[in-house]
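Following: one structure in structure tokens, then a few remarks.
The values are calculated or read from the model by the stated rules, or taken from the named source; none is laboratory data. Just so it is clear, the structure is predicted and the values come from calculations on it, not from any experiment. When we count neighbours, we look across all protein chains shown, and the Cβ atoms used for this are built from the backbone with ideal geometry, even at glycine. Protein only, heavy atoms only, side chains kept; ligands, DNA and RNA dropped before computing areas. Shrake-Rupley method; radii C 1.70, N 1.55, O 1.52, S 1.80 Å.
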Amino acid sequence: MARRRRFQNAFTTGEVGPEFLQRAEEELQNESAQALRNVIIANAGGIRRRPGSVPKAKNTNGVKRRIEMFDLVGDEIRGLVMTDGQLDIYETDGTLEDTLVAPWGEADIDDIVHVNGDNRFYFFGDFFPQQLTYTNGVWTLADIDFESSIGSTISQPYWRFSATKGISLTPSALTGSITLTSSDDLFEAGHVGTRFRYIGNEILITAVTNATTATGTVITALYPTIDVTVASSAGFQVGEVVTGDTSGAEGVISSIPDGTSLIVTLSFGYTYFADTETLDGPSASTTVSGAPSAATAAASVIWDEQMISSVRGYPRAGVLHRNRLIIAGFPQAPNAVAASATGFENDFDLGQAEDADAFIEALGDDQNATIRHLISSEQLVLLTDRACYYVPESENSPLTPTRVSFNRIGPDGASTVRPLLTPEGVVFVDNAGRLLVIGATGSVRASWAVQELSLFSNHLLTGPKSLTYVDGLGNRSERYVIVLNEDATAVAVAYRRGAEQVGVSLWTPAEGFDWLSIAAWKTRMFCIQGDYFAEFDMDATMDLELPYTAAATLLAGESVYVARSGIVWQGPLAVNGSGLIPTVAVAAGQTIGKDFRTSIIPSPPVAKQFGYERRRISRLWTDMLESGPYRVDGELVNTHDEDDDLEAPPPLRSGASEPFFILGYDPNSMPEISQEVGEGAPFFLRSLTMEIAY
Amino acid sequence: MAAAAAPLMVASAGMSLLGGVGEARSMDAQAKAAEYRAKGLKLQGKQVGAERARDLNMILGTIDAIRSGRGVSLDSPTAMVIERAQKKRSDTIGNAEQLEIAQGVVSEKYSASQLRKGKKFAILGGFAQATSQLAGAASLGK
């Protein structure tokens, strides 16, 4: 039987799907694996055991929990843990700083969008947008407080919802408490406390009588309706806009009673038309003959209502971009984007569309698109359920109300998973569950392009629920995008600068302690694992690992393994209510935690020049770096030497191994390199060499 | 000598009378010209107004075309504000133009009215001068 060897010193393509295992390209044949479990792909190409986690605090409120990191100031950060109706604020050492009542329920938690501003944090979801502020050591969570403006108006976004188009409103008076009558069903009980604008003037709804009648308090006097006597009303039409040529007054014709009079509702001004001036309309002109007089307020279709309310729903997306708070994902205006005034995140007054004014725009080329995500990158990026867009801007052509442009990048619709900004671009999960990245092209015309990241490893994306980006975890040079799946597995996407392909490995949590949420801040990565707020740690061999140099009360009641010098020694053992394991004395260098299994299965060798061959792996060599015990095809490699103290923890070893003889004749079997539960230890595989008998 | 000058003075009085009438006719012609100019300005005002409306429609159409090209909705709140602001700008410019033209009309009408008044005074002035000269001639003839 002939033999040949295959040397593999890089796993940079990571675990590839079974469909790719007969491909012979370099990156698939020599740089991939059939399985990579609970390991990371190092920049050097080798494989390292994944980081364990260190518990910081226990949080048992509800079932669903989610963590986000709040970048406070400088290097000061807080862990914000969202649970049912509650927001817990932790320092990174696990100290609970505050617990606030929150408007969200468990059903909302996964979909909440957060925006980190300067000492403030915004939350968007199925509730009125919230603003978390930190002032002089005091935390406050409250509804976004839109700016008050002239005449007690509120500078909040207003919108005319498509469902109400064609409905007219008639006020009973111009000031005070009035009755509003709509021409069709409009009002709901939830409108009480909201504001409508009748031709730009605000009315606070104080009571709803029925679907077509409501009571409101006029905030700013409504523009009057006037009776204008003219030389001739011939040629004018109801609904036309007429303008006085000298007064500049403007209004909409609401009715034409006879040949010499027009009933006009003034728009955006209180000044009447002047006697003898010319009244110009789109298709006729006439002369005002006599001073106009006040008439009964007329019905008008020029009205809108506040964009955010319990009746119209709440925005699900938000971002801070160029000193504006930009919000979108309005349930009844799904393609609309509302941006605050520059430098005033709570001011959505559109003003005169001057450069610093707020703006409210909508996607023009897809009325039915739902904006799911907003990302502040070099430019503003919008992801909808059916395409992705960018808003072109530069230092010479900044984002202003008159310069807004939605340029389509491509027809890739985004899922509801919150995207991620990385140095290479915007990483997101599309509707098909693939991991895509929108990267800058450097071209002026097509500034952004979409590429797929998960081509070879899509089988591991078993229901993405969140994305996290961490750079330099544990002072290492790797960068990872962590995709947390619904089944509590995590996909670690090694993301090397300049590389065309990412490398992917699958992480599974220690049994019984699912990851509910993962979040990162710069080089640190945190999680909610089971009931614990924890931090990932490259020096931790196990999950939820604590020093056992003293009582570990945080793990009281848990079943744990004991490690010495990072090498799992014995277990599982119960931690009693005092944080102690009765049979194991606390000692220096000891830790306790939840161990997990690691596994590496190389890709099967493919000889492109021969095609099918009956072959098997007969021997295997490994080259390790500072590693403890591990198994090759089930055979335990103990790093103790003959003359070592066998009672002491096994030392970490580097270098090449003796050959492992792989038994069996199954041509499809590939040897596995593993660390079983209860045998966890530092592990770094630099290379492996397989002898192939054929 | 004095008796010899009297016929000349009578002739001069006649000339003064004729001069006054001529000046009055000239002023009348100028007044009519001013009235024509006023009418012309009024017409110009209407034309400028119509042109301004056409310009505004073109600008609004261009704004819509640009917005369509930029992939933004044509009836968003900001689109309405931009449209309103553009109308306001156009109205401001149009009103200034109309005001200037209206001032021109008033000015021309005032000129016409002054010239008409001047016409009366020209006849009266010629008549007065002639009368004075005839009186002088009569005193010389005694």
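Working only within region A:352-363, note down all residues that are open to solvent by 30 Å² or more (accessible area, probe 1.4 Å) and either in contact with a strand residue (DSSP E or B) (Cβ under 8 Å, 6 or more places away or on another chain) or more than 11 Å from every other protein chain (Cβ to nearest Cβ) (or both). Quick ask: steps written out before the conclusion?
The initial filter retains those residues of region A:352-363 that are open to solvent by 30 Å² or more (accessible area, probe 1.4 Å), namely A:352, A:354-357.
A:D355, A:A356, A:D357, listed by residue number.
So in region A:213-242, with the set limited to residues that are surrounded by 22 or more Cβ atoms within 10 Å (Cβ to Cβ) and β-branched (V, I, T), which one is modelled with the lowest pLDDT?
A:V242
Cβ-Cβ distance below 7 Å, separation of 6 or more or different chains: which pairs start in region A:157-169 with a residue that is away from chain B (no Cβ under 13 Å) and more than 20 Å from A:S254 (Cα to Cα) and end on one that is modelled with pLDDT of 95 or more and open to solvent by 40 Å² or more (accessible area, probe 1.4 Å)?
If the second residue must be modelled with pLDDT of 95 or more and open to solvent by 40 Å² or more (accessible area, probe 1.4 Å), the pairs left are A:A163/A:Q332.
List every residue pair whose Cβ atoms sit under 6 Å apart, with the two residues 6 or more apart in sequence or on different chains, where the first one lies in region A:1-27 and is under 13 Å from A:G503 (Cβ atoms) and the second, anywhere, is modelled with pLDDT under 90 and assigned to a helix (DSSP H, G or I).
A:T13/A:E27
Report whether or not A:I617 is in contact with a Ser or Thr (Cβ under 8 Å, 6 or more places away or on another chain), under 26 Å from A:S32 (Cβ atoms) and not aromatic (F, W, Y). Let's see the steps before the verdict.
Working: in contact with a Ser or Thr (Cβ under 8 Å, 6 or more places away or on another chain): yes; under 26 Å from A:S32 (Cβ atoms): yes; not aromatic (F, W, Y): yes.
Judged against the criteria, A:I617 is a match.
Six or more apart or on different chains, Cβ under 8 Å: which pairs go from a residue in region A:91-102 that's outside any strand (DSSP E or B) to one that's among the acidic types (D, E)? Could you list them?
Short answer, once both residue conditions are applied: A:E91/A:E97; A:T92/A:E535.
Can you tell me which residue among A:L516, A:L544, A:L554 is outside any strand (DSSP E or B) and in contact with a Lys or Arg (Cβ under 9 Å, 6 or more places away or on another chain)?
A:L554
Looking at region A:324-340, which of its residues are more than 12 Å from chain B (Cβ to nearest Cβ) and either touching a Pro at 6+ places or on another chain (Cβ under 8 Å) or more than 22 Å from A:G125 (Cα to Cα) (or both)?
A:I327, A:A328, A:G329, A:F330
Results for (1) of a type outside the set (A, V, I, L, M); (2) open to solvent by 30 Å² or more (accessible area, probe 1.4 Å); (3) within 10 Å of chain A (Cβ to nearest Cβ); (4) in contact with a Leu (Cβ under 6 Å, 6 or more places away or on another chain), shown as yes or no for each residue.
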{"residue": "B:Q47", "(1), (2), (3), (4)": "yes, yes, no, no"}
{"residue": "B:A53", "(1), (2), (3), (4)": "no, yes, yes, no"}
{"residue": "B:I59", "(1), (2), (3), (4)": "no, yes, no, no"}
{"residue": "B:V72", "(1), (2), (3), (4)": "no, no, yes, no"}
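Of all the residues that make up region A:1-48, how many are open to solvent by less than 10 Å² (accessible area, probe 1.4 Å), in contact with a Phe, Trp or Tyr (Cβ under 9 Å, 6 or more places away or on another chain) and not acidic (D, E)?
16
Search region B:9-25 for residues that are open to solvent by 50 Å² or more (accessible area, probe 1.4 Å) and pair each with any residue that is of a type in the set (S, T, N, Q) when their beta-carbon atoms are under 8 Å apart and the residues are at least 6 apart or on different chains.
B:M9/B:Q133; B:V10/B:Q133; B:L17/B:Q129
Could you check region B:60-103 and list, in sequence order, the residues that are within 26 Å of A:N335 (Cβ to Cβ), part of a helix (DSSP H, G or I) and aliphatic (A, V, I, L, M)?
Within region B:60-103, B:L60, B:I63, B:A65, B:I66, B:A79, B:M80, B:V81, B:I82, B:A85 meet the criteria.
Taking the conditions exactly as written (facing another protein chain (nearest Cβ under 9 Å) and among the hydroxyl-bearing types (S, T, Y)), does B:T92 satisfy them or not?
yes
Sort through B:G20, B:G49 and tell me the only one that's of a type outside the set (V, I, T), at pLDDT below 85 and farther than 30 Å from B:R89 by Cβ.
Values: B:G49 fails: farther than 30 Å from B:R89 by Cβ.
Result: B:G20 is the single residue among B:G20, B:G49 that is of a type outside the set (V, I, T), at pLDDT below 85 and farther than 30 Å from B:R89 by Cβ.
How many residues are open to solvent by less than 70 Å² (accessible area, probe 1.4 Å), facing another protein chain (nearest Cβ under 8 Å) and under 21 Å from A:L266 (Cα atoms) if we restrict to region B:74-86?
Adding up the residues that qualify gives 6.
Surrounded by 20 or more Cβ atoms within 10 Å (Cβ to Cβ), in a loop (DSSP other than H, G, I, E, B), away from chain B (no Cβ under 14 Å) and of a type in the set (A, V, I, L, M, F, W, C), is that true of A:L174?
no
So which strands (runs of 3 or more DSSP E) are wholly in region A:566-626 and hold at least 2 residues that are over 24 Å from A:F536 (Cβ atoms)? I'd like the intermediate steps shown before the answer.
Details: elements: A:567-574, A:590-594, A:598-602.
Because the criterion is at least 2 residues that are over 24 Å from A:F536 (Cβ atoms), the strands (runs of 3 or more DSSP E) in region A:566-626 that meet it are A:567-574, A:598-602.
Can you name the residue in region A:280-296 that is open to solvent by 40 Å² or more (accessible area, probe 1.4 Å), in a strand (DSSP E or B) and not aliphatic (A, V, I, L, M) and is also nearest to A:L420 (Cα to Cα) among such residues?
A:D280
Could you say whether any residue in region B:93-113 is over 24 Å from A:G281 (Cα atoms), surrounded by fewer than 17 Cβ atoms within 10 Å (Cβ to Cβ) and more than 32 Å from the chain's Cα centre (by Cα)?
no
Step by step: first the residues of region A:394-447, then only those that are in a strand (DSSP E or B) and open to solvent by 20 Å² or more (accessible area, probe 1.4 Å), then the one that is farthest from the other protein chains (Cβ to nearest Cβ). Which residue is that?
A:L420
Return the only residue of A:T175, A:T194 being modelled with pLDDT of 95 or more and over 23 Å from B:M80 (Cβ atoms).
Going through A:T175, A:T194 in turn, just one is modelled with pLDDT of 95 or more and over 23 Å from B:M80 (Cβ atoms): A:T175.
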